[in-house]
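This report refers to the structure that appears directly beneath it.
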Amino acid sequence: MTSAPAFTPSANVAQLKESATIAVSQRAKALRASGREIIDLGAGEPDFDTPAFIRAAAQRAIDAGATKYTAVDGILPLRQAVADEANRRWKGSDKVTAAEVVISTGSKQSLFNACFTLFGPGDEVLIPTPAWTSYYEMVSIARATPVPVTGDPAHGFKVTAAMLETAATPRTKGLMLNSPSNPTGSVYAPEELRAILALAHERGWWVLSDEIYLRIAYGKAASSSLDVAPSRERLIVVNGVAKAYAMTGWRIGWTISPANVAAAMTALQSHTTSNAATVSQHAALAALSMRDEADAAVTAMVAQFEKRRDAALAILRTEPRIHVLAPDGAFYLYLRAPGAGKAADAGSAFAAQLLEKSGVAIVPGSAFLTPDWVRVSYAAEQAQVEEAMRRLVAAFRDLA
Ligand code: GLU
């Protein structure tokens, strides 16, 4: 290794914090490599293999020569498949077209493309909080100001249109939405979403609707912004294949936006990454177009997530002092750390203790701007989830 030179990070990244969700899973992997037995409930990553029909489609695509660049915004059949899926929800006369779809290297890149394209210095972006750690950083990288709007924990931390209205200023330019939500698992009811989208439309805010967990909902289906929005004029829907189809490593996400915004995001992407991996685009095309196979796979995975959720909640409820939100979607449990309200960052202290002493990795709520809480991902084998919850309850009792 060469000696590290003196280095002052540029203004672009001087304020940047590493992603806490990624950092937790790196730490878990490092501890595992050093020989410790670790249950990793940190990063939100389905433990399932990518369904066989998707892997087979990718193999066929490689053999058929899908190894070269594609158009920057992705292969037309995939963009068309995304548009077709959107049109099964969007009932407006302005049908979604492939020209409004940009395929990227994961919904993370799609969100970044949208933030960097739409927001800049002086702009404020409302972020219902707690929210996924990268929203705040992406808005900041665009040199705009993230404005956290903390929801009511008694209501699954969901925000209302009235709360957003109170937090808005003349500089408000956009709003991030995420239902089902990471980290809480809360799902906005159609009428809640409709009211928020109506306000955003009235105010002329850009709405970035991150729907990556849309297909992972329990009991009843979650609503997309495309189901209830009054207009698509300033709506950017973000989704991808990672969570629903257990395809995290394939790195495929997309935006659905007005065509001029799509063109600007494509120009940005043409200078950063160009097209998403060609073979991965073909795999994603199989996930979206082989609908019977896909529906069967998603239904089976969601049923497993639901069983794990119920098993985890049953164990957590054996300790009445644990305040846990009962999630309707995604694969996270959000719970109040022992010492919450007393210590400055109770969630980090609890997560650190749980990892170092009990060998369970979870994410401190400070990553989601709610430091009294911690996030547990139950996208792991059920026996592991159950064992981890037993250790969590024991650690909670130690500290409470
Ligand atoms: N979105 C997942 C999480 O919150 C994956 C890790 C990441 O990209 O942040 O854990």
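A few remarks follow.
- Pairs linking a residue in the stretch 8-19 that is touching a residue at least 12 places away in the same chain (Cβ under 8 Å) to a residue that is assigned to a loop (DSSP other than H, G, I, E, B) and of a type outside the set (Lys, Arg), with Cβ atoms under 8 Å and 6 or more positions apart or on different chains, are Leu16/Pro9.
- The stretch 351-369 residues that are in contact (Cβ under 8 Å) with a residue 24 or more places away in the chain and at positive phi, paired with ones that are among the hydroxyl-bearing types (Ser, Thr, Tyr) and open to solvent by less than 10 Å² (accessible area, probe 1.4 Å) (beta carbon under 6 Å, 6 or more apart): Leu369/Thr129
- Residue check, Gly42 in contact with a strand residue (DSSP E or B) (Cβ under 7 Å, 6 or more places away or on another chain), within 16 Å of the ligand (Cβ to nearest atom) and open to solvent by less than 90 Å² (accessible area, probe 1.4 Å): yes
- Beta carbons closer than 6 Å, at least 6 apart along the sequence or on distinct chains, never pair a first residue in the stretch 119-139 that is open to solvent by 10 Å² or more (accessible area, probe 1.4 Å) with a second that is acidic (Asp, Glu).
- Per the listing Ser209, Ser181, the residue uniquely out of contact with any strand residue (DSSP E or B) (no Cβ under 7 Å at 6 or more places or on another chain) and small (Gly, Ala, Ser) is Ser181.
- Residue check, Gln26 open to solvent by 70 Å² or more (accessible area, probe 1.4 Å), assigned to a helix (DSSP H, G or I) and either within 16 Å of the ligand (Cβ to nearest atom) or not polar (S, T, N, Q) (or both): yes
- Taken over the stretch 2-23, the criterion of being away from the ligand (no atom under 12 Å from the Cβ) and open to solvent by less than 70 Å² (accessible area, probe 1.4 Å) is satisfied by Pro9, Ser10, Val13, Ala14.
- Counted residues, the stretch 345-382 - those being within 25 Å of the chain's Cα centre (by Cα) and surrounded by fewer than 18 Cβ atoms within 10 Å (Cβ to Cβ): 5
- Long-range neighbours under 9 Å by Cβ, at least six apart or interchain, first residue touching a residue at least 24 places away in the same chain (Cβ under 8 Å) and surrounded by 17 or more Cβ atoms within 10 Å (Cβ to Cβ) within the stretch 310-327, second part of a loop (DSSP other than H, G, I, E, B) and hydrophobic (A, V, I, L, M, F, W, C): Leu316/Ile322; Ile322/Ala400; Leu325/Phe157; Pro327/Val187
- Entirely in the stretch 223-300, the helices (runs of 4 or more DSSP H) that have 2 or more residues that are under 18 Å from Gly74 (Cα atoms) and open to solvent by 10 Å² or more (accessible area, probe 1.4 Å): 259-272, 278-289
- A single entry from Asp94, Asp73 fulfils the requirement of being over 30 Å from Tyr334 (Cα atoms), in a loop (DSSP other than H, G, I, E, B) and open to solvent by less than 40 Å² (accessible area, probe 1.4 Å): Asp73.
- The condition of being in a helix (DSSP H, G or I) and among the aliphatic types (A, V, I, L, M) does not hold for Leu214.
- Note on the stretch 283-302: residues that are over 20 Å from the mean Cα position of the chain (by Cα) and either free of Cβ contacts under 8 Å to residues at least 24 places away in the same chain or farther than 12 Å from Phe53 by Cα (or both) amount to 5.
- Check on Leu175, assigned to a helix (DSSP H, G or I) and more than 12 Å from the chain's Cα centre (by Cα): no
- With respect to being away from the ligand (no atom under 16 Å from the Cβ), open to solvent by less than 30 Å² (accessible area, probe 1.4 Å) and part of a helix (DSSP H, G or I), Leu78 fits the description.
- Lone unmet requirement of (1) in a helix (DSSP H, G or I); (2) surrounded by fewer than 21 Cβ atoms within 10 Å (Cβ to Cβ); (3) touching a strand residue (DSSP E or B) at 6+ places or on another chain (Cβ under 9 Å) for Pro148: (1)
The values are calculated or read from the model by the stated rules, or taken from the named source; none is laboratory data. What you see is a predicted model, and the numbers here were worked out from it, not measured in a lab. Every residue, glycine among them, receives a Cβ derived from its backbone with ideal geometry; neighbour counts consider all protein chains shown. To get the accessible areas, we keep the full protein, side chains included, count just its heavy atoms, and leave off ligands, DNA and RNA. Shrake-Rupley method; radii C 1.70, N 1.55, O 1.52, S 1.80 Å.
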